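The values are calculated or read from the model by the stated rules, or taken from the named source; none is laboratory data. Because the structure is a prediction, the values reported are computed rather than measured. Reconstructed Cβ throughout: ideal geometry from the backbone, glycine too, with neighbour counts over all protein chains shown. For the accessible areas, the whole protein counts, side chains as well, though only heavy atoms, and no ligand, DNA or RNA atoms are used. Shrake-Rupley method; radii C 1.70, N 1.55, O 1.52, S 1.80 Å.
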Amino acid sequence: MANPLRTFASLYSTTLLTVLAGGLLTTYLGLRLSVINVPQLWIGAMMSAYYVGLVAGSKIGHRLIAQVGHIRAFVASAGIVAASALGHALVDQLAIWILLRLIVGMGMMCQYMVLESWLNEQAESSQRGTVFASYMIVSYFGLILGQGAISIYPELGLEPLLLIAICFALCIVPISLTRRIHPAPLVPAPLKIAHYWRKAPQALTTIAIGSMIVGSFYGLAPAYASNLGLPPEKVATYMTATILAGLLAQWPMGKLSDIMSRSRLIRINCVLLGILALGIALTPYHPVLSLVMTFLFGILGFTFYPLATALANSRVEQNERVGLSATILLTFGLGASIGPLIASTLMQWLGNSMLYGFMSVCTLVLFSRLRYLHSQQKAETNVTQDYMMATGDLVSSPLAAALDPRVDVESIQEQMTPSPMEEEEDLGADALNDDFVEHDEEQLTFDFDLVSSDTLTPQDNLMLQGEDTILEPDSRKQTA
(Lines give C-alpha, C1' and ligand atoms only; values in the text may rest on other atoms or scores of the structure.)
Protein backbone atom coordinates (compact mmCIF):
# COMPACT_ATOMS: atom_id res chain seq x y z
CA MET A 1 0.00 0.00 0.00
CA ALA A 2 1.49 3.31 -1.10
CA ASN A 3 2.24 6.06 1.38
CA PRO A 4 -0.40 8.84 0.94
CA LEU A 5 2.14 11.54 1.85
CA ARG A 6 4.34 10.42 -1.03
CA THR A 7 1.49 9.67 -3.42
CA PHE A 8 -0.16 13.08 -3.01
CA ALA A 9 2.99 15.06 -2.20
CA SER A 10 2.36 17.60 -4.96
CA LEU A 11 -1.22 18.27 -3.84
CA TYR A 12 -0.16 18.56 -0.21
CA SER A 13 2.62 21.00 -1.14
CA THR A 14 0.14 23.11 -3.05
CA THR A 15 -2.26 23.00 -0.08
CA LEU A 16 0.45 24.11 2.36
CA LEU A 17 1.39 27.17 0.29
CA THR A 18 -2.23 28.09 -0.42
CA VAL A 19 -3.35 27.91 3.21
CA LEU A 20 -0.21 29.73 4.38
CA ALA A 21 -0.91 32.63 2.03
CA GLY A 22 -4.61 32.75 2.88
CA GLY A 23 -4.01 32.70 6.64
CA LEU A 24 -1.30 35.34 6.41
CA LEU A 25 -3.55 37.62 4.33
CA THR A 26 -6.41 37.36 6.84
CA THR A 27 -4.21 38.23 9.82
CA TYR A 28 -2.37 40.99 7.95
CA LEU A 29 -5.59 42.76 6.95
CA GLY A 30 -7.03 42.54 10.46
CA LEU A 31 -3.87 44.00 11.98
CA ARG A 32 -3.39 46.61 9.28
CA LEU A 33 -6.90 47.98 9.61
CA SER A 34 -6.60 48.03 13.38
CA VAL A 35 -3.30 49.94 13.27
CA ILE A 36 -4.73 52.68 11.06
CA ASN A 37 -7.76 52.95 13.42
CA VAL A 38 -10.41 51.81 10.98
CA PRO A 39 -13.85 51.39 12.64
CA GLN A 40 -14.54 47.83 13.72
CA LEU A 41 -17.58 47.65 11.46
CA TRP A 42 -15.36 47.96 8.38
CA ILE A 43 -13.11 45.19 9.64
CA GLY A 44 -16.10 42.94 10.17
CA ALA A 45 -17.51 43.75 6.75
CA MET A 46 -14.20 42.91 5.10
CA MET A 47 -13.96 39.55 6.83
CA SER A 48 -17.60 38.78 6.02
CA ALA A 49 -16.92 39.56 2.37
CA TYR A 50 -14.35 36.75 2.35
CA TYR A 51 -16.91 34.15 3.45
CA VAL A 52 -19.50 35.50 1.04
CA GLY A 53 -16.89 35.04 -1.65
CA LEU A 54 -16.36 31.44 -0.57
CA VAL A 55 -20.05 30.65 -0.95
CA ALA A 56 -20.35 32.45 -4.29
CA GLY A 57 -17.11 30.87 -5.51
CA SER A 58 -18.60 27.39 -5.27
CA LYS A 59 -20.86 27.99 -8.26
CA ILE A 60 -18.28 29.94 -10.23
CA GLY A 61 -15.62 27.34 -9.51
CA HIS A 62 -17.91 24.53 -10.58
CA ARG A 63 -18.49 26.10 -13.97
CA LEU A 64 -14.83 27.00 -14.41
CA ILE A 65 -13.61 23.49 -13.60
CA ALA A 66 -16.23 21.98 -15.92
CA GLN A 67 -15.10 24.20 -18.79
CA VAL A 68 -11.29 24.13 -18.55
CA GLY A 69 -10.40 21.30 -16.17
CA HIS A 70 -8.90 21.12 -12.70
CA ILE A 71 -5.33 22.31 -13.25
CA ARG A 72 -6.21 25.23 -15.50
CA ALA A 73 -8.98 26.33 -13.12
CA PHE A 74 -6.53 26.22 -10.22
CA VAL A 75 -3.87 28.20 -12.08
CA ALA A 76 -6.36 30.86 -13.17
CA SER A 77 -7.76 31.19 -9.65
CA ALA A 78 -4.30 31.43 -8.07
CA GLY A 79 -3.35 34.19 -10.48
CA ILE A 80 -6.50 36.18 -9.70
CA VAL A 81 -6.03 35.75 -5.95
CA ALA A 82 -2.36 36.83 -6.12
CA ALA A 83 -3.29 39.94 -8.10
CA SER A 84 -6.10 40.76 -5.66
CA ALA A 85 -3.75 40.44 -2.69
CA LEU A 86 -1.29 42.85 -4.30
CA GLY A 87 -4.18 45.19 -5.05
CA HIS A 88 -4.31 46.09 -1.35
CA ALA A 89 -0.91 47.74 -1.78
CA LEU A 90 -2.11 49.92 -4.68
CA VAL A 91 -5.43 51.20 -3.33
CA ASP A 92 -6.32 52.59 0.10
CA GLN A 93 -10.11 52.82 -0.31
CA LEU A 94 -11.91 50.46 2.06
CA ALA A 95 -14.73 49.78 -0.39
CA ILE A 96 -12.17 48.52 -2.92
CA TRP A 97 -10.54 46.40 -0.22
CA ILE A 98 -13.89 44.75 0.53
CA LEU A 99 -14.31 43.99 -3.18
CA LEU A 100 -10.79 42.54 -3.34
CA ARG A 101 -11.56 40.41 -0.28
CA LEU A 102 -14.68 39.10 -2.00
CA ILE A 103 -12.63 38.16 -5.07
CA VAL A 104 -10.03 36.42 -2.91
CA GLY A 105 -12.79 34.35 -1.30
CA MET A 106 -14.17 33.27 -4.66
CA GLY A 107 -10.74 32.41 -6.03
CA MET A 108 -9.63 30.45 -2.99
CA MET A 109 -12.88 28.48 -2.95
CA CYS A 110 -12.16 27.35 -6.48
CA GLN A 111 -8.64 26.33 -5.44
CA TYR A 112 -9.90 24.23 -2.55
CA MET A 113 -12.56 22.65 -4.72
CA VAL A 114 -9.85 21.52 -7.13
CA LEU A 115 -7.61 20.12 -4.39
CA GLU A 116 -10.26 18.33 -2.37
CA SER A 117 -12.25 16.90 -5.26
CA TRP A 118 -8.95 15.61 -6.67
CA LEU A 119 -8.04 13.94 -3.39
CA ASN A 120 -11.54 12.57 -2.93
CA GLU A 121 -11.62 10.97 -6.37
CA GLN A 122 -8.17 9.39 -6.44
CA ALA A 123 -7.81 8.29 -2.81
CA GLU A 124 -8.36 4.55 -2.44
CA SER A 125 -11.16 3.50 -0.12
CA SER A 126 -8.72 1.84 2.26
CA GLN A 127 -6.66 5.07 2.48
CA ARG A 128 -9.34 7.75 2.32
CA GLY A 129 -9.27 8.49 6.04
CA THR A 130 -5.48 8.74 6.09
CA VAL A 131 -5.43 10.90 2.98
CA PHE A 132 -7.84 13.49 4.38
CA ALA A 133 -6.33 13.38 7.86
CA SER A 134 -2.97 14.20 6.26
CA TYR A 135 -4.65 16.94 4.25
CA MET A 136 -6.08 18.48 7.42
CA ILE A 137 -2.73 18.31 9.22
CA VAL A 138 -1.05 20.05 6.28
CA SER A 139 -3.79 22.70 6.35
CA TYR A 140 -3.25 23.28 10.05
CA PHE A 141 0.48 23.72 9.59
CA GLY A 142 -0.20 26.15 6.76
CA LEU A 143 -2.43 28.23 9.03
CA ILE A 144 0.15 28.17 11.82
CA LEU A 145 2.98 29.17 9.46
CA GLY A 146 0.80 31.95 8.11
CA GLN A 147 0.31 33.37 11.60
CA GLY A 148 4.02 33.03 12.38
CA ALA A 149 5.06 34.75 9.16
CA ILE A 150 3.47 38.01 10.30
CA SER A 151 6.02 38.26 13.11
CA ILE A 152 8.80 38.49 10.51
CA TYR A 153 7.43 41.83 9.30
CA PRO A 154 6.01 43.59 12.40
CA GLU A 155 5.97 46.95 10.59
CA LEU A 156 3.04 45.69 8.45
CA GLY A 157 4.40 47.28 5.31
CA LEU A 158 4.28 45.88 1.79
CA GLU A 159 6.49 42.88 2.59
CA PRO A 160 3.66 40.63 3.88
CA LEU A 161 1.64 41.28 0.74
CA LEU A 162 4.64 40.42 -1.41
CA LEU A 163 5.15 37.19 0.54
CA ILE A 164 1.47 36.34 0.10
CA ALA A 165 1.71 36.87 -3.66
CA ILE A 166 4.88 34.74 -3.81
CA CYS A 167 3.14 31.86 -2.02
CA PHE A 168 0.13 32.05 -4.32
CA ALA A 169 2.47 32.02 -7.31
CA LEU A 170 4.53 29.09 -6.01
CA CYS A 171 1.48 26.99 -5.14
CA ILE A 172 0.89 26.64 -8.88
CA VAL A 173 4.18 24.80 -9.43
CA PRO A 174 3.58 21.48 -7.61
CA ILE A 175 0.09 20.91 -8.99
CA SER A 176 1.18 21.87 -12.51
CA LEU A 177 4.03 19.34 -12.47
CA THR A 178 2.14 16.52 -10.77
CA ARG A 179 2.18 13.08 -12.37
CA ARG A 180 -1.19 12.19 -10.90
CA ILE A 181 -3.95 11.30 -13.34
CA HIS A 182 -6.21 14.23 -14.07
CA PRO A 183 -9.59 13.89 -12.28
CA ALA A 184 -12.54 12.85 -14.40
CA PRO A 185 -15.37 15.35 -14.96
CA LEU A 186 -18.32 14.96 -12.62
CA VAL A 187 -21.97 15.97 -12.83
CA PRO A 188 -24.13 18.01 -10.44
CA ALA A 189 -26.33 16.35 -7.82
CA PRO A 190 -29.62 17.90 -6.60
CA LEU A 191 -29.63 19.87 -3.36
CA LYS A 192 -32.64 19.84 -0.99
CA ILE A 193 -31.74 22.11 1.91
CA ALA A 194 -35.08 21.91 3.77
CA HIS A 195 -34.94 18.11 3.67
CA TYR A 196 -31.61 18.02 5.48
CA TRP A 197 -32.68 20.61 8.05
CA ARG A 198 -35.63 18.37 8.92
CA LYS A 199 -33.39 15.31 9.21
CA ALA A 200 -30.53 16.88 11.20
CA PRO A 201 -31.78 20.06 12.90
CA GLN A 202 -29.41 19.85 15.88
CA ALA A 203 -26.33 19.37 13.73
CA LEU A 204 -27.13 22.15 11.25
CA THR A 205 -28.11 24.55 14.04
CA THR A 206 -24.73 23.89 15.64
CA ILE A 207 -22.96 24.57 12.35
CA ALA A 208 -24.94 27.77 11.74
CA ILE A 209 -24.22 29.32 15.14
CA GLY A 210 -20.79 27.72 15.56
CA SER A 211 -19.70 29.23 12.25
CA MET A 212 -20.63 32.68 13.55
CA ILE A 213 -18.21 32.11 16.43
CA VAL A 214 -15.43 30.77 14.21
CA GLY A 215 -15.88 33.47 11.55
CA SER A 216 -15.78 36.18 14.20
CA PHE A 217 -12.60 34.76 15.71
CA TYR A 218 -10.69 34.43 12.44
CA GLY A 219 -11.81 37.83 11.23
CA LEU A 220 -11.64 39.93 14.40
CA ALA A 221 -9.29 38.22 16.89
CA PRO A 222 -6.19 39.89 15.34
CA ALA A 223 -7.84 43.29 15.74
CA TYR A 224 -8.98 42.37 19.26
CA ALA A 225 -5.44 41.41 20.30
CA SER A 226 -3.98 44.49 18.64
CA ASN A 227 -6.43 46.73 20.49
CA LEU A 228 -5.12 45.24 23.73
CA GLY A 229 -1.77 46.83 22.87
CA LEU A 230 -0.02 43.68 21.65
CA PRO A 231 2.64 44.05 18.95
CA PRO A 232 2.21 42.02 15.72
CA GLU A 233 4.53 39.22 16.88
CA LYS A 234 2.46 38.78 20.07
CA VAL A 235 -0.73 38.78 18.02
CA ALA A 236 0.76 36.03 15.87
CA THR A 237 1.53 34.02 19.01
CA TYR A 238 -2.03 34.53 20.24
CA MET A 239 -3.50 33.25 16.99
CA THR A 240 -1.03 30.38 16.70
CA ALA A 241 -1.83 29.12 20.20
CA THR A 242 -5.55 28.99 19.35
CA ILE A 243 -5.08 27.21 16.03
CA LEU A 244 -2.59 24.75 17.52
CA ALA A 245 -5.12 23.89 20.23
CA GLY A 246 -7.70 23.17 17.54
CA LEU A 247 -5.27 20.77 15.86
CA LEU A 248 -4.40 18.94 19.07
CA ALA A 249 -8.06 18.62 20.08
CA GLN A 250 -9.24 16.82 16.96
CA TRP A 251 -8.08 13.30 17.82
CA PRO A 252 -9.15 13.16 21.50
CA MET A 253 -12.47 14.83 20.74
CA GLY A 254 -13.08 12.29 18.00
CA LYS A 255 -12.37 9.43 20.41
CA LEU A 256 -14.64 11.00 23.02
CA SER A 257 -17.45 11.30 20.48
CA ASP A 258 -17.13 7.54 19.92
CA ILE A 259 -17.88 6.92 23.60
CA MET A 260 -20.79 9.27 24.34
CA SER A 261 -23.70 10.79 22.48
CA ARG A 262 -22.53 13.51 20.10
CA SER A 263 -25.54 15.71 20.73
CA ARG A 264 -24.83 15.57 24.45
CA LEU A 265 -21.13 16.25 23.86
CA ILE A 266 -22.01 19.31 21.75
CA ARG A 267 -24.20 20.68 24.54
CA ILE A 268 -21.45 20.16 27.12
CA ASN A 269 -18.97 21.80 24.75
CA CYS A 270 -21.40 24.68 24.32
CA VAL A 271 -21.71 25.33 28.07
CA LEU A 272 -17.95 25.21 28.65
CA LEU A 273 -17.21 27.50 25.70
CA GLY A 274 -19.84 29.99 26.85
CA ILE A 275 -18.31 30.20 30.33
CA LEU A 276 -14.81 30.47 28.89
CA ALA A 277 -15.74 33.19 26.38
CA LEU A 278 -17.44 35.21 29.11
CA GLY A 279 -14.34 34.81 31.26
CA ILE A 280 -12.10 36.09 28.44
CA ALA A 281 -14.41 39.09 27.95
CA LEU A 282 -14.38 40.03 31.64
CA THR A 283 -10.77 39.20 32.56
CA PRO A 284 -8.09 41.88 32.04
CA TYR A 285 -5.28 40.90 29.73
CA HIS A 286 -2.48 38.85 31.27
CA PRO A 287 0.35 37.47 29.06
CA VAL A 288 0.23 33.90 30.38
CA LEU A 289 -3.42 33.63 31.42
CA SER A 290 -4.68 34.99 28.11
CA LEU A 291 -2.65 32.42 26.16
CA VAL A 292 -4.00 29.62 28.33
CA MET A 293 -7.58 30.81 27.89
CA THR A 294 -7.30 31.21 24.13
CA PHE A 295 -5.71 27.74 23.94
CA LEU A 296 -8.77 26.32 25.71
CA PHE A 297 -10.96 28.37 23.38
CA GLY A 298 -9.36 26.65 20.39
CA ILE A 299 -10.05 23.22 21.88
CA LEU A 300 -13.75 23.95 22.34
CA GLY A 301 -14.48 26.36 19.49
CA PHE A 302 -12.78 24.44 16.68
CA THR A 303 -14.47 21.12 17.46
CA PHE A 304 -18.06 22.28 16.98
CA TYR A 305 -17.84 21.79 13.23
CA PRO A 306 -16.51 18.20 13.10
CA LEU A 307 -18.83 17.05 15.89
CA ALA A 308 -21.86 18.54 14.15
CA THR A 309 -20.76 17.16 10.80
CA ALA A 310 -20.46 13.65 12.22
CA LEU A 311 -23.87 13.97 13.91
CA ALA A 312 -25.47 15.14 10.65
CA ASN A 313 -23.96 12.29 8.64
CA SER A 314 -25.35 9.77 11.13
CA ARG A 315 -28.88 10.97 10.30
CA VAL A 316 -28.84 10.41 6.53
CA GLU A 317 -28.36 7.57 4.11
CA GLN A 318 -25.17 7.11 2.11
CA ASN A 319 -26.70 8.40 -1.13
CA GLU A 320 -27.74 11.66 0.64
CA ARG A 321 -24.33 12.64 1.95
CA VAL A 322 -23.24 14.68 -1.07
CA GLY A 323 -26.28 16.92 -0.74
CA LEU A 324 -25.82 17.05 3.02
CA SER A 325 -22.21 18.16 2.62
CA ALA A 326 -23.29 20.97 0.31
CA THR A 327 -25.93 22.04 2.84
CA ILE A 328 -23.36 22.00 5.65
CA LEU A 329 -20.95 24.12 3.67
CA LEU A 330 -23.63 26.62 2.65
CA THR A 331 -24.82 26.90 6.26
CA PHE A 332 -21.27 27.44 7.48
CA GLY A 333 -20.56 30.09 4.88
CA LEU A 334 -23.67 32.09 5.67
CA GLY A 335 -23.06 31.91 9.42
CA ALA A 336 -19.42 32.89 9.06
CA SER A 337 -20.50 35.87 6.94
CA ILE A 338 -23.03 37.15 9.48
CA GLY A 339 -20.96 36.62 12.62
CA PRO A 340 -18.17 39.15 11.96
CA LEU A 341 -20.69 41.83 11.01
CA ILE A 342 -22.59 41.51 14.29
CA ALA A 343 -19.46 41.13 16.41
CA SER A 344 -17.70 44.12 14.84
CA THR A 345 -20.78 46.31 15.35
CA LEU A 346 -20.92 45.37 19.03
CA MET A 347 -17.18 45.98 19.38
CA GLN A 348 -17.55 49.44 17.90
CA TRP A 349 -20.51 50.34 20.11
CA LEU A 350 -19.66 48.63 23.40
CA GLY A 351 -15.94 48.01 23.38
CA ASN A 352 -13.23 45.57 22.38
CA SER A 353 -14.25 42.82 24.81
CA MET A 354 -17.62 42.42 23.08
CA LEU A 355 -15.96 40.04 20.59
CA TYR A 356 -15.97 37.33 23.24
CA GLY A 357 -19.16 38.68 24.78
CA PHE A 358 -20.88 38.08 21.46
CA MET A 359 -19.45 34.55 21.33
CA SER A 360 -20.75 33.85 24.81
CA VAL A 361 -24.24 34.96 23.79
CA CYS A 362 -24.02 32.72 20.72
CA THR A 363 -23.30 29.71 22.91
CA LEU A 364 -26.28 30.56 25.14
CA VAL A 365 -28.59 30.76 22.13
CA LEU A 366 -27.15 27.56 20.72
CA PHE A 367 -27.55 25.64 23.98
CA SER A 368 -31.15 26.78 24.39
CA ARG A 369 -32.02 25.80 20.85
CA LEU A 370 -30.31 22.42 21.15
CA ARG A 371 -32.16 21.64 24.37
CA TYR A 372 -35.46 22.46 22.71
CA LEU A 373 -34.70 20.37 19.62
CA HIS A 374 -33.51 17.49 21.76
CA SER A 375 -36.74 17.50 23.76
CA GLN A 376 -38.73 17.41 20.51
CA GLN A 377 -36.90 14.45 19.07
CA LYS A 378 -38.00 10.99 20.14
CA ALA A 379 -34.79 9.27 19.19
CA GLU A 380 -31.06 9.65 18.99
CA THR A 381 -28.49 7.55 17.22
CA ASN A 382 -24.75 7.46 17.62
CA VAL A 383 -22.79 6.47 14.54
CA THR A 384 -19.14 6.63 15.40
CA GLN A 385 -17.33 6.41 12.09
CA ASP A 386 -17.91 9.90 10.74
CA TYR A 387 -15.81 12.24 12.89
CA MET A 388 -13.64 14.42 10.65
CA MET A 389 -10.74 16.62 11.59
CA ALA A 390 -11.48 20.27 10.95
CA THR A 391 -9.81 23.56 11.66
CA GLY A 392 -13.10 25.29 12.17
CA ASP A 393 -12.49 27.29 9.05
CA LEU A 394 -14.65 26.65 6.01
CA VAL A 395 -11.90 26.55 3.42
CA SER A 396 -9.75 23.96 5.12
CA SER A 397 -12.39 21.27 5.59
CA PRO A 398 -12.66 18.20 3.38
CA LEU A 399 -16.32 19.16 2.99
CA ALA A 400 -15.37 22.32 1.10
CA ALA A 401 -15.50 20.36 -2.15
CA ALA A 402 -19.08 19.45 -1.42
CA LEU A 403 -20.51 22.80 -2.50
CA ASP A 404 -19.24 21.66 -5.85
CA PRO A 405 -21.94 18.95 -5.61
CA ARG A 406 -20.68 16.71 -8.38
CA VAL A 407 -20.71 12.97 -8.28
CA ASP A 408 -20.29 10.29 -10.88
CA VAL A 409 -23.53 9.36 -12.67
CA GLU A 410 -22.99 5.61 -12.26
CA SER A 411 -22.31 6.08 -8.55
CA ILE A 412 -25.58 7.98 -8.16
CA GLN A 413 -27.51 5.26 -9.94
CA GLU A 414 -25.91 2.52 -7.84
CA GLN A 415 -26.63 4.36 -4.60
CA MET A 416 -30.17 5.46 -5.43
CA THR A 417 -31.36 2.13 -6.90
CA PRO A 418 -32.07 -0.21 -3.98
CA SER A 419 -31.80 -3.95 -4.29
CA PRO A 420 -34.94 -6.12 -3.85
CA MET A 421 -33.78 -7.11 -0.37
CA GLU A 422 -33.27 -3.43 0.62
CA GLU A 423 -36.75 -2.57 -0.69
CA GLU A 424 -38.29 -5.23 1.53
CA GLU A 425 -36.34 -3.99 4.55
CA ASP A 426 -37.39 -0.39 3.92
CA LEU A 427 -41.14 -1.13 3.85
CA GLY A 428 -41.44 -1.11 7.61
CA ALA A 429 -38.82 1.59 8.26
CA ASP A 430 -40.39 4.15 5.91
CA ALA A 431 -43.65 4.02 7.85
CA LEU A 432 -41.93 5.37 10.97
CA ASN A 433 -40.49 8.81 11.70
CA ASP A 434 -37.78 7.46 13.99
CA ASP A 435 -36.49 3.90 14.24
CA PHE A 436 -33.87 4.53 16.87
CA VAL A 437 -34.42 4.86 20.61
CA GLU A 438 -31.79 6.60 22.77
CA HIS A 439 -31.18 4.77 26.06
CA ASP A 440 -28.94 5.91 28.91
CA GLU A 441 -26.79 2.78 28.74
CA GLU A 442 -27.33 1.22 25.33
CA GLN A 443 -28.79 1.85 21.88
CA LEU A 444 -31.53 -0.59 20.83
CA THR A 445 -32.81 -0.80 17.26
CA PHE A 446 -36.16 -2.52 16.76
CA ASP A 447 -37.27 -4.31 13.61
CA PHE A 448 -40.89 -3.18 13.70
CA ASP A 449 -41.51 -4.69 10.29
CA LEU A 450 -41.06 -8.14 11.86
CA VAL A 451 -43.93 -7.54 14.31
CA SER A 452 -47.40 -7.85 12.80
CA SER A 453 -50.38 -6.28 14.49
CA ASP A 454 -52.17 -9.62 14.15
CA THR A 455 -49.60 -11.36 16.34
CA LEU A 456 -49.66 -8.88 19.22
CA THR A 457 -51.64 -9.70 22.33
CA PRO A 458 -53.44 -6.98 24.37
CA GLN A 459 -50.59 -7.21 26.87
CA ASP A 460 -48.07 -6.59 24.10
CA ASN A 461 -49.99 -3.53 22.92
CA LEU A 462 -49.93 -2.09 26.42
CA MET A 463 -46.21 -2.69 26.62
CA LEU A 464 -45.58 -0.99 23.26
CA GLN A 465 -47.47 2.12 24.42
CA GLY A 466 -45.33 2.44 27.53
CA GLU A 467 -42.23 4.60 27.88
CA ASP A 468 -39.87 1.63 28.11
CA THR A 469 -40.71 -0.58 25.10
CA ILE A 470 -39.93 -4.28 25.45
CA LEU A 471 -40.09 -6.79 22.61
CA GLU A 472 -39.50 -10.49 22.38
CA PRO A 473 -35.84 -11.53 21.92
CA ASP A 474 -36.39 -12.56 18.33
CA SER A 475 -37.82 -9.17 17.34
CA ARG A 476 -35.03 -6.86 18.43
CA LYS A 477 -31.34 -6.37 17.86
CA GLN A 478 -28.66 -4.38 19.60
CA THR A 479 -26.64 -1.91 17.59
CA ALA A 480 -22.98 -1.29 18.26
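Looking for whichever is in contact with a Gly (Cβ under 6 Å, 6 or more places away or on another chain) and at pLDDT below 95 here; the options are 229, 246, 219. Which one fits?
Unique residue meeting the criteria: 246.
Considering only the stretch 248-277, how many residues are assigned to a helix (DSSP H, G or I) and surrounded by fewer than 20 Cβ atoms within 10 Å (Cβ to Cβ)?
Residues in the stretch 248-277 being assigned to a helix (DSSP H, G or I) and surrounded by fewer than 20 Cβ atoms within 10 Å (Cβ to Cβ): 15 in total.
Pick from 259, 275, 243: which is more than 21 Å from the chain's Cα centre (by Cα), within 27 Å of residue 130 (Cβ to Cβ) and among the β-branched types (Val, Ile, Thr)?
259
Anything in the stretch 3-25 that is open to solvent by 20 Å² or more (accessible area, probe 1.4 Å) and either touching a residue at least 40 places away in the same chain (Cβ under 8 Å) or not basic (Lys, Arg) (or both)? List them, or say none.
Those that are open to solvent by 20 Å² or more (accessible area, probe 1.4 Å) and either touching a residue at least 40 places away in the same chain (Cβ under 8 Å) or not basic (Lys, Arg) (or both): 3, 5, 7, 9, 10, 13, 16, 17, 20.
Give the residue that is farthest from residue 193 (Cα to Cα), with candidates limited to residues of the stretch 282-323 that are of a type in the set (Gly, Ala, Ser) and assigned to a helix (DSSP H, G or I).
Only one residue tops the list, namely 290.
Search the stretch 249-260 for residues being out of contact with any Leu (no Cβ under 9 Å at 6 or more places or on another chain) and of a type outside the set (A, V, I, L, M), and hand back the single one that is modelled with the highest pLDDT.
252
Residue check, residue 160 against (1) within 29 Å of residue 306 (Cα to Cα); (2) buried (at least 24 other Cβ atoms within 10 Å of the Cβ), all met but one. Which one?
(1)
Per-residue answers, yes or no, for (1) at pLDDT below 90; (2) small (Gly, Ala, Ser):
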{"position": "77", "(1), (2)": "no, yes"}
{"position": "103", "(1), (2)": "no, no"}
{"position": "119", "(1), (2)": "yes, no"}
{"position": "131", "(1), (2)": "yes, no"}
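Check off (1) part of a helix (DSSP H, G or I); (2) out of contact with any Pro (no Cβ under 8 Å at 6 or more places or on another chain) for residue 24 and give me the number that stays unchecked.
(2)
With 315, 369 as the choices, which residue is within 30 Å of residue 117 (Cα to Cα) and more than 14 Å from the chain's Cα centre (by Cα)?
Of the residues listed, the single one that is within 30 Å of residue 117 (Cα to Cα) and more than 14 Å from the chain's Cα centre (by Cα) is 315.
Filter the stretch 15-59 down to residues that are farther than 24 Å from residue 151 by Cβ and either out of contact with any Asp or Glu (no Cβ under 9 Å at 6 or more places or on another chain) or modelled with pLDDT of 95 or more (or both), then give me how many there are.
14
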